[in-house]
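I have placed the structure first, in the form of structure tokens, so that the comments after it can refer back to it.
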Amino acid sequence: MIPLHLPAGKFRVKSTEKGRLIFDQVRKKFVVLTPEEWVRQHVVEFLLSRKRIPLNLLTVEKQIRVSGTLKRYDIVSYNKDGSVHLVVECKAPDVKITQETFDQIARYNKELQSEYLMVTNGLDHYFCTMDYETRGYTFIPDIPEYSL
């Protein structure tokens, strides 16, 4: 896998008959190591080590219903009160971030109502804060460190 513009963690990777697997500390199991999963695991490390989000407030690859259709988000972090703090959409490093990517995370966020959004392919990262009055988002240089 290629180096990303995210903190490198001490990832547990193993080879099996199913291919290469990486341990996901949020889901507490080994998952298939795809390019998108490589990005996802780096983002988890970034959120834990740099943004100080507690592990127990992160979820990965959960289903939500969006306009009557089941979708699966990449990463969500929660506030202590159960409200959504951050929604992250991960793409493989070779996938360009486009308006369609922002539209995808915006659709998810209609249900989740997050304070912050992050879109990344591991090389390029975009951070936004939500403005629910204008139904828009504002780009910001980074998301703040999590505060308890």
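The values are calculated or read from the model by the stated rules, or taken from the named source; none is laboratory data. Just so it is clear, the structure is predicted and the values come from calculations on it, not from any experiment. Note: ideal-geometry Cβ built from the backbone for every residue, glycine included; neighbour counts use all protein chains shown. Heads up: the accessible areas ignore ligands, DNA and RNA and are worked out on the full protein's heavy atoms, side chains in. Shrake-Rupley method; radii C 1.70, N 1.55, O 1.52, S 1.80 Å.
Looking only at the stretch 109-140, which residues are part of a helix (DSSP H, G or I) and in contact with a Leu (Cβ under 9 Å, 6 or more places away or on another chain)? Talk me through it step by step, then tell me what you get.
The initial filter retains those residues of the stretch 109-140 that are part of a helix (DSSP H, G or I), namely 109-112.
Passing the criteria: only ASN109.
Quick check on my filter: what residues within the stretch 123-145 are under 15 Å from the mean Cα position of the chain (by Cα) and under 26 Å from LEU70 (Cβ atoms)?
TYR126, CYS128
Name, by its number, the condition in (1) of a type in the set (A, V, I, L, M, F, W, C); (2) open to solvent by less than 70 Å² (accessible area, probe 1.4 Å); (3) more than 17 Å from CYS128 (Cβ to Cβ) that does not hold for LEU112.
Single failed check for LEU112: (3).
For the stretch 43-89, which positions are open to solvent by 10 Å² or more (accessible area, probe 1.4 Å) and part of a helix (DSSP H, G or I)?
GLU45, PHE46, LEU48, SER49, LEU55, ASN56, LEU57
Within the stretch 16-31, track down each residue that is modelled with pLDDT of 95 or more and loosely packed, with under 12 Cβ neighbours inside 10 Å.
LYS28, LYS29
Among all residue pairs at least 6 apart or on different chains, which show Cβ distances below 6 Å where the first residue, located in the stretch 78-106, is in contact (Cβ under 8 Å) with a residue 12 or more places away in the chain and the second is assigned to a loop (DSSP other than H, G, I, E, B) and charged (D, E, K, R)?
So the pair list comes out as HIS85/GLU115; VAL88/ASP74; GLU89/ASP74; CYS90/ASP74; ILE97/ASP124.
Please pick out the residue among ILE105, ILE143 that is at negative phi, assigned to a loop (DSSP other than H, G, I, E, B) and either surrounded by fewer than 15 Cβ atoms within 10 Å (Cβ to Cβ) or not small (Gly, Ala, Ser) (or both).
The unique qualifying residue is ILE143.
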